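Input: a single structure, listed below in structure tokens.
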Amino acid sequence: MTVNRAFRLRRRPSGALASGDLELVDEPVADLEDGQALVRTLLLSLDPTNRIWMSDMRGYMPPVPLDDVMRGLGVGEVIASRRDDLPVGALVTGWTGWQELCVADDARLDAPFSVLPDPLPGPMTAFLGALGHTGITAYIGVDLGRVQEGDTVVVSAAAGAVGSIAGQLAKARGARVVGVAGGPEKARHVVQVLGFDECVDHRAPDWREQLDAATPDGIDVDFENVGGAIMDHVLMRLNVGARVVLCGMISQYNASGHGTDWAGQVNIGQLIMQRATMEGFLVLDHVDRFEEAIGALAGLLAAGRLHYAETVLEDGLAGAPDALAALFAGTNTGKLVLRVAEGMAR
Ligand SMILES: NC(=O)c1ccc[n+]([C@@H]2O[C@H](COP(=O)([O-])OP(=O)(O)OC[C@H]3O[C@@H](n4cnc5c(N)ncnc54)[C@H](OP(=O)(O)O)[C@@H]3O)[C@@H](O)[C@H]2O)c1
């Protein structure tokens, strides 16, 4: 009998994810039917949105139903198959979920997988980061912000998966790019390795003064990943005609209530004063541009014009809840990935 290990969502978290919200269970896997393949999860992507999916806030996807396997993106390999498009040995990316084994079955909503190229044009981890959904998010967001030469662009969570790529893409368009990141080490990384012009340490008591000093000519584009107080200060520095690209608001994802006990962005009125626009976007709405985005990102990587960092945790599936917490504590630099299993030698 084949046995799967999976995290099932038992309770909706209140605040930060707590023990008891998820349960790690061992369960048998049924024999494959025609049209199914069995995928072993090798890498699991940890994303701030995982926390949104656990809650029943009004979201962009239905919440993970209680007692279901936790939803998640990953890279896996096909280890048994009764479908021609997913042969044994193929590396795939898609909705693996927080589990060691996943049945790929197109008849199920969460099952489509894409087969990765063979040989892989980059490290497997990159297909969850710079060449995966976070890199594509950065590419789409910078485009929506209409970043141009001479703009001052601020990117929050600048040392993270999306922010690190967004800032470099804005720089490649000729903008002056200022990052916001937590701690002096990350701020150094953002400037010295990623090539941003400056980086504000939001953990320093004088971060507002740092941001003012780094944006003497105001802000033309805000690539917003964090929300809350950082976004509020950025709003006060917007120039006339500025664009706020609302990619994420991680500072709010652990908040309870979502709309009932949060004062909101105090300075939102600056959008009126400065005739600025704010556009929220979801990478999932831009599937038609994925190929273009991956091509552009791969080209920049191959030319040595794009750098990315990643934090790969080697804790196996059991480490997933702690790994998610790391995103909120900010202990990751670059894309956060959990290695669930070693793949077959290729
Ligand atoms: N719209 C879309 O389609 C889309 C797609 C992917 C991701 N996103 C959003 O993009 C944002 C970044 O995601 P990611 O995957 O690239 O994660 P990430 O930036 O790699 O990791 C999250 C980072 O956020 C920072 N952070 C966490 N809590 C914070 C707080 N309270 N105040 C300030 N900074 C905080 C931490 O960095 P520091 O140590 O620097 O504080 C942490 O490392 C998230 O908001 C996510 O929801 C949106």
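With charges only on Cβ, +1 for K and R and -1 for D and E, what is the dipole size of the chain about its Cα centre, in debye, rounded to 20? Let's see the in-between values first.
On the way: 28 positive and 45 negative charges, 117 e Å.
Dipole magnitude for the chain comes out near 560 debye.
What angle do you read, to the nearest 10 degrees and between 0 and 90, between the alpha-carbon axis of helix 133-144 and the longest principal axis of the chain?
In the chain, helix 133-144 runs at an angle near 30 degrees to the longest axis.
What does the highest-first list of 198-204, 163-169 look like by mean Cβ count within 10 Å? Write out the running numbers ahead of the final one.
Working: 198-204: 20.4, 163-169: 29.0.
The densest-packed peptide leads the list: 163-169, 198-204.
Helix 290-302 sits at what angle to the longest principal axis of the chain, using alpha carbons and giving 0 to 90 degrees rounded to 10?
It is inclined by approximately 70 degrees.
Can you bin the stretch 129-195 into rounded, prolate or oblate? Criterion: square roots of the alpha carbon gyration tensor eigenvalues sorted a ≥ b ≥ c, rounded for a/c under 1.5, prolate for a/b above b/c, oblate for the rest. Display every interim value, and only then the final one.
On the way: a/c = 2.00, a/b = 1.18, b/c = 1.69.
Oblate is the answer for the stretch 129-195, as a/c is 1.5 or above yet b/c matches or exceeds a/b.
How big is the charge dipole of the stretch 92-249 about its Cα centre, in debye rounded to the nearest 20, if each Lys and Arg gets +1 on its Cβ and each Asp and Glu gets -1 on its Cβ?
Values: 11 positive and 20 negative charges, 30 e Å.
The dipole magnitude comes to about 140 debye.
Which residue, chosen from Asn225, Pro121, Gln192, occupies the Cα position most advanced towards the positive end of the dipole of the stretch 100-244, where the dipole is computed from +1 (Lys, Arg) and -1 (Asp, Glu) charges on Cβ about the Cα centre?
Final value for the positive-end residue is Gln192.
Relative contact order (percent) for the stretch 219-346, with alpha-carbon contacts under 8 angstrom and 6 or more residues of separation? Each step should come with its number before you reach the end.
Working: 157 pairs, mean separation 26.0, N = 128.
Relative contact order here is 20 percent.
With a ≥ b ≥ c the root eigenvalues of the C-alpha gyration tensor of the stretch 185-331, is it rounded (a/c under 1.5), prolate (a/b larger than b/c) or oblate? Provide the component values of the computation, followed by the final result.
Working: a/c = 1.39, a/b = 1.22, b/c = 1.14.
Rounded shape, in that the Cα axes give a/c under 1.5.
May I ask which residue of Val287, Leu300, Val312 lies farthest towards the positive end of the charge dipole of the stretch 276-315, with charges of +1 (Lys, Arg) and -1 (Asp, Glu) on Cβ and the Cα centre as origin?
Sorting the options by dipole projection puts first Leu300.
Quick one: helix 320-329 against the long Cα principal axis of the chain, what's the angle to the nearest 10°, folded into 0 to 90?
0
Once a ≥ b ≥ c are taken as the square roots of the eigenvalues of the Cα gyration tensor of the stretch 3-136, is the result rounded (a/c under 1.5), prolate (a/b larger than b/c) or oblate (a/b not larger than b/c)? Please report the intermediate quantities before stating the final value.
Values: a/c = 2.02, a/b = 1.34, b/c = 1.51.
Taking the square roots of the gyration eigenvalues as a ≥ b ≥ c, the stretch 3-136 is oblate.
Going highest first, how would you order 288-300, 40-52 by mean Cβ packing within 10 Å? Present the calculation step by step, with values, prior to reporting the outcome.
Numbers: 288-300: 15.5, 40-52: 23.0.
Top of the packing list down: 40-52, 288-300.
Cα centroids of the stretch 19-64 and the stretch 98-164: how far apart, whole angstrom?
If we compute the Cα centre of each part, the gap is 18 Å.
How high is the relative contact order of the chain, in percent, with contacts defined as C-alpha pairs under 8 Å that are six or more residues apart?
Numbers: 748 pairs, mean separation 59.6, N = 346.
This gives 17 percent for the chain.
Every number in this text was worked out from the coordinates using simple rules, so none of it is lab data. Predicted model only: the values in this text are computed from it and were never measured. Note that each Cβ is placed from the backbone with ideal geometry, even for glycine, and that neighbours are counted across all protein chains shown.
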